[in-house]
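Written out below as structure tokens is the structure these notes cover.
Just so it is clear, none of the values below were taken in a lab; they were calculated from the coordinates. This is a predicted model, so every value here is computed, not measured. A quick note on method: Cβ atoms are made from the backbone with ideal geometry, for glycine too, and the neighbour counts reach across all protein chains shown.
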Amino acid sequence: MPLSEQEQRLLDEMERHLMRNDADVVSASRDGRGLSYRNIVYGTLLVLLGLGGLIVGVAVPVIAVGVVGFVVMLAGVIVAVTPSRTGTVKAADAAPSAPGKPQAGRTSFMDRMNDRWDRRQEDR
């Protein structure tokens, strides 16, 4: 069942208010922090190295080699899932701009789609 015009307007207003005022939504979509391929590659290499050490530790009756292999594997997983720090954006840059005013450097696909959606809703 489709929404009435009043319900649709209320929903659109709530969405705009959320995108403008909710710090979690703004920071999650615009802070640029994400998994980096470099960290994933290094983490994968550490996991494989640790797995080899763990197998050697099981094959050789030296427990310390297996424990070190496990610790290296754990470190590899931590490195792989750690977000990169190179793509951080300052809080002033992360604040959304007023509708219809283009912001310099704002070129992500989702930002363009959100701007188009806002312009389309303002025209109604």
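With an 8 Å cut-off on Cα pairs and a minimum separation of 6 or more residues, tell me the relative contact order of the range 33-86 in percent.
Once normalised by length, the contact order is 52 percent.
Give me, ordered by chain and number, the residues 5 or more places off residue 36 or on other chains with an amide H under 5 Å from its own placed amide H.
For residue 36, whose amide H was placed from the backbone, the distant partners under 5 Å are 84.
Please turn the phi angles of the range 75-82 into ³J(HN,Hα) values with the Karplus equation 6.51 cos²θ - 1.76 cosθ + 1.60 (θ = phi - 60°), one per residue in order, whole Hz, x for glycine and proline.
4, x, 5, 5, 5, 5, 9, 6
For each of 109, 70, count neighbouring Cβ atoms within 10 Å of the residue's Cβ, then give the residues from fewest to most.
109, 70
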